[in-house]
Amino acid sequence: MSARVTLAVAGRVLVQLRRDHRTLAMLLVLPCLLIALLAWMYDDTGGATFDRVGPALLAIFPFVVMFLVTSVTTLRERSSGTLERLLAMPTGRLDLLGGYALAFGLVAAVQAALAVGVSVGFLGLDVVGDVWLLGVVAVADAVLGTALGLLVSAFARTEFQAVQFMPALVVPQILLCGLFVPRDVLPAALGALSDLLPLSYATDAMLHLTRSTSAGAVWTDLAVVAGFALGCLTLGAATLRRRTP
């Protein structure tokens, strides 16, 4: 893996994103709008319900948005022949995926800063722990979505197939991450399955920051999320094809 090649790929992706205003708006504005809509829905509850579900959604929205955008963008590169041309150059598969992950990770940092700023500064989300750590967790969630999207793009043949992976890989994680039912009261089998899903740890980290000033458990959950993201990138590089058959 070459740092120079990885940075070159990341720069190319960032230039493309800057020119694609609709995708950029989806990445940066949509999570903020969805969180604001949720806060408005629960406005009559005095903010207690939003304080309960808001942190989990700060983990979920970046994850889902980055998964969709990354998987579709990568497949578009393959179908247009761009991916094949890049891999014909001195560009390794890990260089390519690392560049994509770095570029979308930078976008995720901006996305997380905006989402956390809107949630805490304008919508009044109650956070007991460090607000900056809330942003770090949001970035990790977005990078996880990016890594999973890159992995899916290695198996899907069309953009529609990439979207079809969402009910299989994303929706179960949303259902079992603790957003609807606390994970400790799930049936034993579902609780065990929840322990195997990375979004559960991302949600746990967010919820912990709203209830405690101790950051030890948060860093443990972050390490698990980072491990899943690295595993997805490695597996994606191992299975990446030059073009769709």
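The values are calculated or read from the model by the stated rules, or taken from the named source; none is laboratory data. Bear in mind that the values here come from a model prediction, so they are computed numbers and not experimental data. Backbone-built Cβ (ideal geometry, glycine too); neighbour counts: all protein chains shown.
Tabulated data
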| read-out | value |
| --- | --- |
| Residue 203 vs. criteria within 20 Å of residue 129 (Cα to Cα), at pLDDT 85 or above and surrounded by 21 or more Cβ atoms within 10 Å (Cβ to Cβ) | yes |
| Residue satisfying all of: in region 166-191; of a type in the set (Gly, Ala, Ser) and touching a Leu at 6+ places or on another chain (Cβ under 9 Å); farthest from residue 139 (Cα to Cα) among these | 191 |
| Selected residue [hydrophobic (A, V, I, L, M, F, W, C), buried (at least 16 other Cβ atoms within 10 Å of the Cβ) and modelled with pLDDT under 80] from 5, 69, 65 | 5 |
| Condition broken by residue 215, with the remaining ones in (1) at pLDDT below 85; (2) under 16 Å from the mean Cα position of the chain (by Cα) satisfied | (2) |
| Subset of region 36-52 (residues that are in contact with a helix residue (DSSP H, G or I) (Cβ under 7 Å, 6 or more places away or on another chain), at pLDDT below 80 and either in a helix (DSSP H, G or I) or within 21 Å of residue 173 (Cα to Cα) (or both)) | 50 |
| Leading residue by the ranking (farthest from residue 48 (Cα to Cα)) among those in region 94-146 that are of a type in the set (D, E, K, R) and part of a helix (DSSP H, G or I) | 95 |
| Subset of region 149-193 (residues that are assigned to a helix (DSSP H, G or I), charged (D, E, K, R) and modelled with pLDDT under 85) | 159 |
| Condition check for residue 149: farther than 20 Å from residue 50 by Cβ, more than 13 Å from the chain's Cα centre (by Cα) and surrounded by 22 or more Cβ atoms within 10 Å (Cβ to Cβ) | no |
